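These notes concern the structure reproduced below.
The values are calculated or read from the model by the stated rules, or taken from the named source; none is laboratory data. What you are looking at is a predicted structure, and each value in this text was computed from that prediction instead of being measured. Positions of Cβ are backbone-derived with ideal geometry, glycine not excepted, and every protein chain shown enters the neighbour counts.
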Amino acid sequence: MQPNCDIILTYCWNRVGYTILRTLSEKGLKVWAADTSKRNICSMSKFCTGSFTYPDPFTEEEAFIRVLKEKVAELKPRVLMPTHDESVVIMRHREEFPKELIIPYESEEMLLNLANKAWATRMAEEAGCPIPKVYRSVDEVESYPVVFKTVIGNSAKGVYFPKSKEELLALMQETHGNVFSNDSEMLLQEWIGGTDYSVDCVRWDGFWKSSVYHALVTKTDGGGTTTQREIVAAPELEEYAKRLLDAVDFHGVCGLDFRYDPETGKAAFIEVNARFTGGLATPVAAGFNIPWAMYKLATEGRYDEPCDARVGTKTKWILGDVITLVGRLVKLKFNGKELRQVACFSGFDAFDDFRKDDKRAILGEMGYYLGKLVKSGKLNP
């Protein structure tokens, strides 16, 4: 009898889980989607074999693991694939799951180290990657604005861009940031101009493949989550990414963020996301099927299919652009060109959260965000 579950995905409320779900389903796999929410973009998708809910992995860790173990025992999947930072929690309890269950992620220690922006920046520098200047005191700052950010965080949360010494000192007092100690929770760096670039990589037992996209629109000022992206040729950034991941001997799927100015050629490493990235739909649409490559490598140890990403491929996160537009209008921070860019629906090869043959999925996404807005008063979960 053919199994009803080949793979369980976790953290499936967003477009990243949706991209993984549909790409693996289209390869003939039976994919179950799991999340804290009952209705979301994945559970309402036609590509979803089944779904279930679990407690919050970050506030109810033991209950989360208990439910996940019960579902693994019931559904007997071949692979359990975390899609976001819940991977740290799952890998902390790796020995509680069956040995034959494949979880294609690094150890908890490696994931935590790479998530630490200060540690990752030091490793990047040692590996020969260009990095922004790191300031140990306010007096070292040469010019403003600067970047003042938490060493742990994602999607531009906890990132500030003070434009003066007075503004920086006020932020330091507010956040209790002590940039003078090695174990500080805050990091103070020079501001690097240019555009956000992301290198999406798969490194696994001798296999290496990567692609690069740059941001056309970001949801927040100064970088962070991208809503429109384009695949570009940037071999120097791919080489920097490979140097760092080779240096730490990373295995799995990973995204590295850089700031890069094509006119000056200046690049700077920003951070590592040791997981699937928010822009996953872009390399997938371009021909680099990262979820399928990761599945094949983890289950069979090889991947021989063509996977060069087509330069010029563009994708758009529809709901993300709506949120961007609302945010800009509320803050009165937009111009005509930006407004036209966000409102544009033509010229894209794919959408992160919409397929004509799967229209219910985006309704699930909208419902999820609406629920978050009602509960928290924020459009950003």
Got a sec? Which of Y105, Y197 is at pLDDT 95 or above and assigned to a strand (DSSP E or B)?
-> Y197
Looking at this structure, is F288 in the same structural domain as W204 (by TED's automatic domain parsing), surrounded by 18 or more Cβ atoms within 10 Å (Cβ to Cβ) and in a loop (DSSP other than H, G, I, E, B)?
-> yes
Residue among K378, K372, K331 that alone is out of contact with any strand residue (DSSP E or B) (no Cβ under 9 Å at 6 or more places or on another chain), among the charged types (D, E, K, R), at pLDDT below 90 and surrounded by 11 or more Cβ atoms within 10 Å (Cβ to Cβ) | K372
Matching entry among R259, R302 (being among the basic types (K, R), touching a residue at least 24 places away in the same chain (Cβ under 8 Å) and assigned to a strand (DSSP E or B)) = R259
If you check L21 against the conditions, is it buried (at least 19 other Cβ atoms within 10 Å of the Cβ) and farther than 23 Å from K316 by Cβ?
-> no
Kindly indicate whether P77 is surrounded by fewer than 19 Cβ atoms within 10 Å (Cβ to Cβ) and in a loop (DSSP other than H, G, I, E, B).
-> no
Inside segment 89-139, can you point out the residues that are free of Cβ contacts under 8 Å to residues at least 40 places away in the same chain, of a type in the set (F, W, Y) and under 18 Å from N273 (Cα atoms)?
-> W119
Which residues, counting only those in segment 200-231, are modelled with pLDDT of 90 or more and out of contact with any Ser or Thr (no Cβ under 9 Å at 6 or more places or on another chain)?
-> W204, D205, G206, F207, W208, K209, S210
Pairs, please: C-beta under 9 Å, at least 6 apart or cross-chain, first residue free of Cβ contacts under 8 Å to residues at least 40 places away in the same chain and in segment 350-364, second of a type in the set (V, I, T)?
-> F354/I318; F354/I362
Could you tell me whether T226 is crowded, with 19+ Cβ neighbours inside 10 Å, among the polar types (S, T, N, Q) and either assigned to a loop (DSSP other than H, G, I, E, B) or in the same structural domain as P162 (by TED's automatic domain parsing) (or both)?
-> no
